[in-house]
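The values are calculated or read from the model by the stated rules, or taken from the named source; none is laboratory data. Everything numeric in this text was worked out from a predicted model, so none of it was measured. Reconstructed Cβ throughout: ideal geometry from the backbone, glycine too, with neighbour counts over all protein chains shown.
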């Protein structure tokens, strides 16, 4: 890595027109999704008063997303990626338009929300592998780390902006206006990818789409890869013992005896830490051993979990959960960059989709495991145990998958 690359500015990826268009679409698509999820859940709970009804939404999402994302990886490797992104995003525009009309007419009922969630869960994950894989097509290789880092920061930013927009609209107007905002934002999110000029055709030597066969070939590629299995097992192993984000209300209550205010502070701090962690990755560009960066960031994550479990002060807990968000963002961003750098264009969509399947499965198992263990041994002990087990996972991956620790970036 030469001195010229070390001096690449933080926002260097934005000098490429097609990346700017992809970023705009991703930012607006993320906002659309976040606002839709928050508004749907809020409306459903207001209408039914049932936590079980909210839980059904999670089941619908998981059931729809796992098989769909594998097929999305295949589509990303065979179709024009910009058109696939636009097509899948257009479903959000259509479905949200219907929800907006039903909501304004006051004839919205729960099954509308369930159906919309199922459809949009499928279309979202069908388009995501193409969106991730397209990043490497629209920026030169030496700018890829900066582009992936910006993508991660964008995702974190949308998770902060969406609740703010939702809150302002619902407090000052009403729920239908939140659906309306998501609908309006989805219009440019749908059209922007079509303006990308980069040729996004994937050359597959005239191979036809055979979904099952293509998924199996993608799996075999990932399995034989010297680095990817270790990265995926690392993410999976740590997450199932430590996934805390969706139970922050429980942690706020049991660790700090706090209510809605504590939940807001902890959630916002975690997202802000994620943004700062994403930008910190820029400063690791001079480190060639990207695998080591992932391992150290994940090791720090495990250590911070232990301290989080030991904390009883909301102030200290807020600082630690921000650092947890930062260390997680460093590991996640660098993992995604390695996937992009070490996978050929014709396999990139499927490699990304298997990474997503691993992450989504771990998130749901971790959500269940951490919630149950918090009831059995207490929230503090669950975090401490999760931190210890996460450290063991890092050590096992470090020793077992040498390709991760030995990987060095090269132009």
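Of all residues in region 81-98, none are outside any helix (DSSP H, G or I) and modelled with pLDDT of 85 or more. Residue count for region 261-280 under the criterion of being under 17 Å from the mean Cα position of the chain (by Cα) and modelled with pLDDT under 75: the result is 1. Scanning region 171-187 turns up no residue that is in the same structural domain as residue 70 (by TED's automatic domain parsing), touching a residue at least 12 places away in the same chain (Cβ under 8 Å), closer than 23 Å to residue 336 by Cα and crowded, with 22+ Cβ neighbours inside 10 Å. Just one residue in the set 366, 371 is out of contact with any strand residue (DSSP E or B) (no Cβ under 8 Å at 6 or more places or on another chain) and surrounded by 21 or more Cβ atoms within 10 Å (Cβ to Cβ); that residue is 366.
Of the numbered conditions (1) assigned to a helix (DSSP H, G or I); (2) over 24 Å from residue 210 (Cα atoms); (3) without any contact (Cβ under 8 Å) to a residue 24 or more places away in the chain, residue 44 satisfies every one except a single condition; which is it? Just one mismatch for residue 44, condition (3). The requirement of being assigned by TED's automatic domain parsing to the domain that holds residue 175 and either touching a residue at least 60 places away in the same chain (Cβ under 8 Å) or surrounded by 22 or more Cβ atoms within 10 Å (Cβ to Cβ) (or both) is not satisfied by residue 105.
Residues of region 381-411 that are over 23 Å from the mean Cα position of the chain (by Cα), surrounded by 15 or more Cβ atoms within 10 Å (Cβ to Cβ) and at pLDDT below 85: 403, 405, 407, 409.
Hey, among 275, 265, 292, 319, which residue is out of contact with any strand residue (DSSP E or B) (no Cβ under 9 Å at 6 or more places or on another chain) and surrounded by fewer than 18 Cβ atoms within 10 Å (Cβ to Cβ)? Matching residue, one of 275, 265, 292, 319: 319.
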